[in-house]
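I have placed the structure first, in the form of structure tokens, so that the comments after it can refer back to it.
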């Protein structure tokens, strides 16, 4: 099996992957291609990771708020939502080809 990782090498030889951190498997044979492209700033990868973590945190808070709202609904509100969903989904099973 071959796995491909994209990133850059720091001056001390450490591999820094693009985007989310990955664990490179130890004790494996590796073939390394070095490109002529120079990385502008090594904070780029950590900024991408922070941005990704911010998105994950926002999604977690949205899901937590939705779960809290769901727990507060009464049986009558659940019935109303079920009926509303059936009414709004009517006719959505048609296929449109563009």
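Quick rundown of the values:
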| item | result |
| --- | --- |
| Hey, residue 53 within 29 Å of residue 10 (Cα to Cα), modelled with pLDDT under 80, assigned to a helix (DSSP H, G or I) and within 22 Å of the chain's Cα centre (by Cα) or not | no |
| Members of segment 72-82 found to be at pLDDT 80 or above and part of a helix (DSSP H, G or I), listed by number | 75, 76, 77, 79, 80 |
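The values are calculated or read from the model by the stated rules, or taken from the named source; none is laboratory data. Here the structure is a predicted model, which means the values were calculated and not measured.
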